[in-house]
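Read the structure below first, then the notes.
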Amino acid sequence: MPSNRSDLTASLPGNVPLLDFARQYAEIREDVLSALERVCDGHRFILGEEVAQFEKAAAQACSTPGTHLYGIGCASGTDALWLALASKEIGPGDAVVTTPFSFFATVSSILRVGARPLLADIDPRTYNLSAAATKALLQDPGRYRGPARIAAIMPVHLYGQCADWDAFSRLQQDFNVALLEDAAQAFGARWNGRPAGSLGDMAAFSFYPTKNLSAYGDAGMVTTRHEDLAERARMLRAHGMRQRYYHDEVGWNSRLDTLQAAVLLVKLSYIDRWNQQRRELAQNYGELFQKAGLAEWGTYPEHGIVLPYVEPRGTHVYHQYVVRVRRRDELRAFLTGRHIGSEIYYPVPLHLQAALRELGYVQGDFPESERAAAEVLALPMFPELTRPEQEQVVAAIAEFLS
Ligand SMILES: Cc1ncc(COP(=O)(O)O)c(C=O)c1O
């Protein structure tokens, strides 16, 4: 979710940054620098050995026992979404159902393959695409205009929590559509014990620097258990070439950089611990808000803070720790005044974005997404965040709400 990094990470004494790259870097600096040195010494900057090693190790981390998963590295999460859609041969004449409450790339990737995004509202507790709203669209083609046939559903595992995969798998069977995961925010998340990346026909990951598994620049990856789709994605990411300088299709240049793969390989060995630390920090926040008498568990905020709803069938990785609160913008300004970082993911739902006006949606079409956009607030969350810093965040919120 690109935004101004310096706003997110301004880490002056007494501040609680939303995210602090420096602390993670201090832990892994030597490993990262020697990994980068090895790439520089080896001079294989494009699709070098580290790319193959990372693809294999990352796919292995996302696979279920006894199942082989393929990983195809690419230039960004946005490209990973495009590769997943294009590999499934989704294009003009097709429609893809997805959520209006996500980062822009979720919808722009559908447009980029020439298909039509069809939006359905979210579940207000998890903020993920509602399976019930998706079913209503699949059952009643009259709800959408135009001749497109629904070829795929693309839920997003928002904030690091998997969408309701039991329900989406049933829809896939009943309506014979492809199921693609936007897993950009969810490396290491699970649904019924199965990792994100292994759930759909294909999945797209982002390793953008703010992600829970992140590179030192843009990077992404597609995963799939289907050999033919993996082969097609590999071909498309390299100008449609299977054999050098013989182009079978018009693909794209979306190779994963070897330097980024080297960084990612180092970080991959830490990701389980980092995700566990995030879960412990989320638990701390819950306890602190409860102690302060501010915790609320309803769907919508009353006088306090609605804590993140954790779906019991899933394993959350808290890529973001997002609460829901009234007077959100005032609270955010108050926190900024106290040098406490926060962010809004996302202030404008996709159906109301200027660039997507031609989709024909209007205010009021997706009330849950619109309400979430007005109430959600992401609080500081990164594995190295300390308990005293969390106490500072909760105390400031308590002061605001008192
Ligand atoms: C849900 C979601 N989808 C797609 C993307 C696009 O990833 P990238 O920024 O790596 O292109 C992001 C991240 O920015 C995201 O959060």
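Figures for the structure shown
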{"quantity": "Test for THR134: is it modelled with pLDDT of 95 or more, touching a helix residue (DSSP H, G or I) at 6+ places or on another chain (Cβ under 8 Å) and either part of a loop (DSSP other than H, G, I, E, B) or surrounded by fewer than 20 Cβ atoms within 10 Å (Cβ to Cβ) (or both)", "calculated": "no"}
{"quantity": "Selected residue [under 27 Å from HIS68 (Cβ atoms) and more than 16 Å from the ligand (Cβ to nearest atom)] from VAL306, VAL222, VAL310, VAL266", "calculated": "VAL266"}
{"quantity": "Residues of the stretch 329-344 satisfying the condition of being among the charged types (D, E, K, R) and more than 30 Å from GLY188 (Cα to Cα)", "calculated": "ASP329, GLU330, ARG338"}
{"quantity": "Residue, farthest from the ligand (Cβ to nearest atom), within the stretch 83-120, restricted to residues that are open to solvent by 20 Å² or more (accessible area, probe 1.4 Å) and touching a strand residue (DSSP E or B) at 6+ places or on another chain (Cβ under 6 Å)", "calculated": "ARG116"}
{"quantity": "Residue count for the stretch 199-214, restricted to those that are buried (at least 22 other Cβ atoms within 10 Å of the Cβ) and acidic (Asp, Glu)", "calculated": "0"}
{"quantity": "Qualifying residue in the stretch 31-46 (condition: in contact with a strand residue (DSSP E or B) (Cβ under 6 Å, 6 or more places away or on another chain), in the same structural domain as ALA183 (by TED's automatic domain parsing), closer than 21 Å to TYR270 by Cα and not basic (Lys, Arg))", "calculated": "no"}
{"quantity": "Matching residues in the stretch 237-254 - criterion: being open to solvent by 40 Å² or more (accessible area, probe 1.4 Å) and either of a type in the set (Lys, Arg) or part of a loop (DSSP other than H, G, I, E, B) (or both)", "calculated": "HIS239, ARG242, ARG244, TYR245, ASP248, GLU249, VAL250, TRP252"}
{"quantity": "Test: residue in the stretch 365-385 that is assigned to a loop (DSSP other than H, G, I, E, B) and surrounded by fewer than 14 Cβ atoms within 10 Å (Cβ to Cβ)", "calculated": "no"}
{"quantity": "Test: residue in the stretch 294-317 that is farther than 19 Å from TYR216 by Cα and in a helix (DSSP H, G or I)", "calculated": "no"}
{"quantity": "Identity of the residue in the stretch 35-82, open to solvent by less than 40 Å² (accessible area, probe 1.4 Å) and in a loop (DSSP other than H, G, I, E, B), that ends up nearest to the ligand (Cβ to nearest atom)", "calculated": "SER76"}
{"quantity": "Among the candidates ALA196, ALA186, ALA152, residue that is more than 18 Å from the chain's Cα centre (by Cα), in contact (Cβ under 8 Å) with a residue 40 or more places away in the chain and open to solvent by less than 10 Å² (accessible area, probe 1.4 Å)", "calculated": "ALA152"}
{"quantity": "Residues satisfying the stated conditions in the stretch 182-192, i.e. under 14 Å from VAL317 (Cβ atoms) and either more than 12 Å from the ligand (Cβ to nearest atom) or in contact with a His (Cβ under 7 Å, 6 or more places away or on another chain) (or both)", "calculated": "ALA183, GLN185, ALA186, GLY188, ALA189, ARG190, TRP191"}
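Conditions tested, residue by residue: (1) over 15 Å from GLN390 (Cα atoms); (2) part of a helix (DSSP H, G or I); (3) of a type in the set (D, E, K, R); (4) at pLDDT 95 or above.
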residue	(1), (2), (3), (4)
ARG279	no, yes, yes, yes
PHE289	no, yes, no, yes
PHE334	yes, yes, no, yes
TYR345	yes, no, no, yes
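The values are calculated or read from the model by the stated rules, or taken from the named source; none is laboratory data. On a predicted model such as this, the values are computed, not experimentally measured, just so you know. Methodologically, a virtual Cβ is constructed for each residue, glycine included, from the backbone with ideal geometry; neighbour enumeration extends over all protein chains shown. Protein only, heavy atoms only, side chains kept; ligands, DNA and RNA dropped before computing areas. Shrake-Rupley method; radii C 1.70, N 1.55, O 1.52, S 1.80 Å.
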